[in-house]
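Each remark here refers to the structure printed beneath this line.
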Amino acid sequence: MSFVERWVSDGRLQLADAGVDQDLAQDASAPDALVRADLVFHGVVHSRGSYEGRVFFNNPDADAETPTDHDHGYAGSYWVFGHAECYGDPGHCDPDWGAAEDVLDFRRPHHMLPEAASVEVTHALRSIGGLADGIVLAVVAVRAAGYGEDDRPPLRFDHVRLLTYG
Amino acid sequence: MPTIPIGPIRQPIQRLRIRRNINLLTPQQLATFRAAWKASYALSDNRGYAHFAGLHGLPLPTECSHNDTFWLPWHRAYLYFFEMSVRDLAPSVTLPWWSWASGKLPAAHTATTDDNPLRHAAIPANARVPNGPSQTVRAGPRPGSLPTQAQITNVLARDDFLDFSAALRQLHNSVHVAIGGSMALVANAAFDPIFWAHHSYVDRAWRLWQLNHASSGLPQSVLNTALAPFPMTVQQTLSVTALGYDYARSTLSLPFAATGGTS
């Protein structure tokens, strides 16, 4: 397995960015009150190669060699089982193909619709003292040792959301 | 008098097929399993291995479903129909499962003897990716890269079905990534014989979850959805015993007379 690419959030991930209203945010900032926390990646593209997405808190320099422990900010991983390439004609793997909403369209959803991937980060969030100071989020994509001709960086998603419960 | 405190087991229960732990197969069971696998390889039509493996990815269309709502029902149907095709060749065979928590691939699938059909399988020309291999390959897993029992237990403890399904799918994805090679590619993964033991374990995990949850947890709106290309709906996948199999850890049968009863 080898390092492919790294995505680091612009600045610090604040609660407002996570779409949580401020009243809830105040409660969730207290690590002792935290029951569970999920980091949910929405719109994850799986039309490229398979990979492990390693999530680090407050370690923007993390890379594929960074130890996966709390001391180095490792919060957890998600995994994408990818298609790597399109084997059909042009447009075959475009999820927008035939995507018009129609209640009389009984076909299955497009096979390349982006998906969601969730990482439970409860312990990691507690270990950094909760959300009071915000988080710098880094995702390191470590590609699976596969084959094929696709050499595109696999790490693509629409947005990431932090959900806290407590 | 028997000392085991159980009653006689009724005949229909005895007919349930039990999917076993691959690492606990007897030498005879493993030999029969391998013979069935070879026989399936030899069939090039829609009864054979290549046909079923090809339903997952290549050749097109890619039929597998990997979203959180449908992936467990779809793969349960997938294994059911493949298992039935293998049982047409060897009626005693079921699809064994491989526990990720064992930390390594099962010896049954890694033995390097020339005649081990579980080590790799041919990828027919119409299912190969550009510059891809003509038979399945693996790159791992390296030590420590497979899900641990603690991770599996954590997933099984989740009460909401979609939460459970999403978390289990993540562990499942991690196994595809850890093994690498053909298993890391949706297009070719099902050609690797380990795919079936991997997914039998996924299906077993769902069964274990179901034992502790009276409600299926699936949205009512999807229960009548067909799981193409199989003639089966989501609803029909909800009970493994209705499909004729189970994952009992052990089974014990006593004839009625042995319990002290008279016929």
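Scanning region A:108-156 for residues that are farther than 30 Å from A:Asp32 by Cβ, at pLDDT 85 or above and charged (D, E, K, R) yields A:Glu115, A:Arg143, A:Arg156. From the set of residues in region B:148-200 that are at the interface with another protein chain (Cβ under 10 Å from one of its Cβ atoms) and assigned to a loop (DSSP other than H, G, I, E, B), which is nearest to A:Leu39 (Cα to Cα)? Checked region B:148-200; the qualifying residue nearest to A:Leu39 (Cα to Cα) is B:Arg158. Checked against (1) within 23 Å of B:Ala242 (Cβ to Cβ); (2) in a helix (DSSP H, G or I); (3) at pLDDT below 95, B:Asn23 passes all but a single condition, namely (1). Checked against (1) free of Cβ contacts under 8 Å to residues at least 60 places away in the same chain; (2) more than 19 Å from A:Ala144 (Cα to Cα), B:Arg119 meets all criteria but (1). Among the residues of region B:213-252, how many are modelled with pLDDT under 90 and charged (D, E, K, R)? Qualifying residue count, region B:213-252: 1. Considering only residues in region A:111-134 that are away from every other protein chain (no Cβ under 11 Å) and outside any helix (DSSP H, G or I), the one that is nearest to the chain's Cα centre (by Cα) turns out to be A:Val121. Is it true that B:Ala121 is within 11 Å of another protein chain (Cβ to nearest Cβ) and among the small types (Gly, Ala, Ser)? Answer is no for this residue. Taken over region B:54-87, the residue count meeting the criterion of being buried (at least 20 other Cβ atoms within 10 Å of the Cβ), among the hydrophobic types (A, V, I, L, M, F, W, C) and more than 24 Å from B:Ser174 (Cα to Cα) is 1. Could you list, in sequence order, the residues of region B:104-123 that are part of a loop (DSSP other than H, G, I, E, B), modelled with pLDDT of 95 or more and small (Gly, Ala, Ser)? Correct list: B:Ala121 only.
For region A:156-166, enumerate the residues that are out of contact with any Phe, Trp or Tyr (no Cβ under 6 Å at 6 or more places or on another chain) and assigned to a loop (DSSP other than H, G, I, E, B).
Across region A:156-166, the qualifying residues are A:Arg156, A:Asp158, A:Gly166.
So, of the residues in region A:64-90 that are surrounded by fewer than 17 Cβ atoms within 10 Å (Cβ to Cβ) and assigned to a loop (DSSP other than H, G, I, E, B), which turns out to be nearest to the other protein chains (Cβ to nearest Cβ)? Residue satisfying both the conditions and the ranking: A:Gly88. The test for being in a loop (DSSP other than H, G, I, E, B), closer than 23 Å to B:Asn173 by Cα and more than 12 Å from chain B (Cβ to nearest Cβ) does not hold for A:Asp102. Scoring A:Thr164 on the criteria (1) within 14 Å of another protein chain (Cβ to nearest Cβ); (2) touching a residue at least 12 places away in the same chain (Cβ under 8 Å) leaves a single failure, condition (1).
The values are calculated or read from the model by the stated rules, or taken from the named source; none is laboratory data. What you see is a predicted model, and the numbers here were worked out from it, not measured in a lab. As a convention, Cβ positions derive from the backbone with ideal geometry for all residues, glycine included, and neighbour counts pool all protein chains shown.
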